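Trainee: Quick one: the structure is below, questions incoming.
The values are calculated or read from the model by the stated rules, or taken from the named source; none is laboratory data. Keep in mind the model is a prediction, meaning the values are calculated, not measured. All Cβ positions, glycine included, derive from the backbone under ideal geometry; neighbour counts span all protein chains shown. Ligands, DNA and RNA are stripped out before the accessible areas are found, and what is left, the full protein with its side chains, is counted by its heavy atoms. Shrake-Rupley method; radii C 1.70, N 1.55, O 1.52, S 1.80 Å.
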Amino acid sequence: MAPLNYATLGSVKTRLGITDTTDDTLLTQLVADVNAAIEDITGRAIGPLTITNELLDGYDAMEDGRCLLYPKGIRSITTLETASTTGGTFATVPAGDVFLRPNAAYQQPDWPAFEIWMTDIQASSNTLPVFLPGYANIRLTGAAGWAAIPSTLTKAAETTVARWFVARNSGGEDAEGSDDVGLSRVTQYISGEDMATIRRYAWRTVEIV
């Protein structure tokens, strides 16, 4: 999946005060590099995503099978289906038996939820009130990610592209390619402030001990 458009050609040209098309090819490549670098750092897309019949593993469930972490973030669920085993028949979970957490009172402003919970008191029609162990035995359709790309992340992306462009035109190193540890060289032109903004949205793996 291509990265989201944290920076765009038009927004960067506006920030730089460029009105001609002379550098469009270069700027387009820069924008693509920066957008990709942001998701390399965050480990996920930070913006609106639509998911349809996405398959998840019951083996990843926690809390005795009642909680499933969803790192991309989830805003709403249209349909949640579960099967008892790998390759099993899916059954739809009643909407009232599914909860997204943290709830609005505990979420950071404009952030999605990251946990899908089964109810502790299931409806009579809910034949599978837990996420049972299996591969691709959970099927999810809904609205994922953030409702919109955060403005602070857009600013970080645009200023990084602008900084790279100005540095290159001043005789700086060509930023294409990777450094000796495999990171895109464009990250060399991300300021400390912008890097802190980007890392704020990075997914941190939960360690089970």
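Trainee: Picking from GLU115, GLU39, which residue would you name as being assigned to a helix (DSSP H, G or I) and at pLDDT 95 or above?
Mentor: Going through GLU115, GLU39 in turn, the sole match is GLU39.
Trainee: Would you mention how many residues in segment 163-191 are at pLDDT 70 or above and either open to solvent by 60 Å² or more (accessible area, probe 1.4 Å) or under 13 Å from ASP33 (Cβ atoms) (or both)? I'd like the intermediate steps shown before the answer.
Mentor: Filtering segment 163-191 for residues at pLDDT 70 or above gives 163-169, 189-191.
Next cut, either open to solvent by 60 Å² or more (accessible area, probe 1.4 Å) or under 13 Å from ASP33 (Cβ atoms) (or both) only: 163-166, 168-169, 189-190.
Count: 8.
Trainee: Of a type in the set (S, T, N, Q), touching a residue at least 60 places away in the same chain (Cβ under 8 Å) and open to solvent by 40 Å² or more (accessible area, probe 1.4 Å): is that true of ASN53 in this structure?
Mentor: Details: of a type in the set (S, T, N, Q): yes; touching a residue at least 60 places away in the same chain (Cβ under 8 Å): yes; open to solvent by 40 Å² or more (accessible area, probe 1.4 Å): yes.
Yes, satisfied.
Trainee: Looking only at segment 9-27, decide whether some residue is open to solvent by less than 40 Å² (accessible area, probe 1.4 Å), of a type in the set (Asp, Glu) and farther than 23 Å from PRO109 by Cβ.
Mentor: First, the residues of segment 9-27 that are open to solvent by less than 40 Å² (accessible area, probe 1.4 Å): 11-13, 18, 24, 26-27.
If we keep only those that are of a type in the set (Asp, Glu) as well, we get 24.
This time we only want the ones that are farther than 23 Å from PRO109 by Cβ, so: 24.
Yes, there is a match, as at least one residue in segment 9-27 is open to solvent by less than 40 Å² (accessible area, probe 1.4 Å), of a type in the set (Asp, Glu) and farther than 23 Å from PRO109 by Cβ.
Trainee: Can ALA45 be described as under 18 Å from GLY142 (Cα atoms), in a loop (DSSP other than H, G, I, E, B), open to solvent by less than 60 Å² (accessible area, probe 1.4 Å) and of a type in the set (A, V, I, L, M, F, W, C)? Lay out the reasoning, then the answer.
Mentor: Working: under 18 Å from GLY142 (Cα atoms): yes; in a loop (DSSP other than H, G, I, E, B): yes; open to solvent by less than 60 Å² (accessible area, probe 1.4 Å): yes; of a type in the set (A, V, I, L, M, F, W, C): yes.
So ALA45 fits the description; yes.
Trainee: From the set of residues in segment 78-124 that are closer than 28 Å to GLY43 by Cβ and of a type in the set (Ser, Thr, Tyr), which is most open to solvent (accessible area, probe 1.4 Å)?
Mentor: TYR106
Trainee: ARG66: farther than 19 Å from ALA143 by Cα and among the charged types (D, E, K, R), yes or no?
Mentor: It is true that ARG66 is farther than 19 Å from ALA143 by Cα and among the charged types (D, E, K, R).
Trainee: Which of the residues belonging to segment 56-77 are open to solvent by less than 30 Å² (accessible area, probe 1.4 Å) and either on the phi < 0 side of the Ramachandran plot or part of a helix (DSSP H, G or I) (or both)?
Mentor: From segment 56-77, those open to solvent by less than 30 Å² (accessible area, probe 1.4 Å) are 58, 61, 65, 67-68, 70, 73-74; that's our starting set.
If the condition is that a residue be open to solvent by less than 30 Å² (accessible area, probe 1.4 Å) and either on the phi < 0 side of the Ramachandran plot or part of a helix (DSSP H, G or I) (or both), then GLY58, ALA61, CYS67, LEU68, TYR70, ILE74 are the ones that fit.
Trainee: Using the structure shown, decide if ALA95 is on the phi < 0 side of the Ramachandran plot and touching a residue at least 24 places away in the same chain (Cβ under 8 Å).
Mentor: For ALA95, the condition - on the phi < 0 side of the Ramachandran plot and touching a residue at least 24 places away in the same chain (Cβ under 8 Å) - is not met.
Trainee: If you go through segment 79-90 one residue at a time, do you hit one that is touching a residue at least 60 places away in the same chain (Cβ under 8 Å), of a type outside the set (Asp, Glu), closer than 14 Å to ASP57 by Cα and not in a loop (DSSP other than H, G, I, E, B)?
Mentor: yes
Trainee: Related question: Tell me, yes or no, whether segment 128-138 has at least one residue that is of a type in the set (Gly, Ala, Ser), in contact (Cβ under 8 Å) with a residue 12 or more places away in the chain, open to solvent by less than 60 Å² (accessible area, probe 1.4 Å) and part of a loop (DSSP other than H, G, I, E, B).
Mentor: yes
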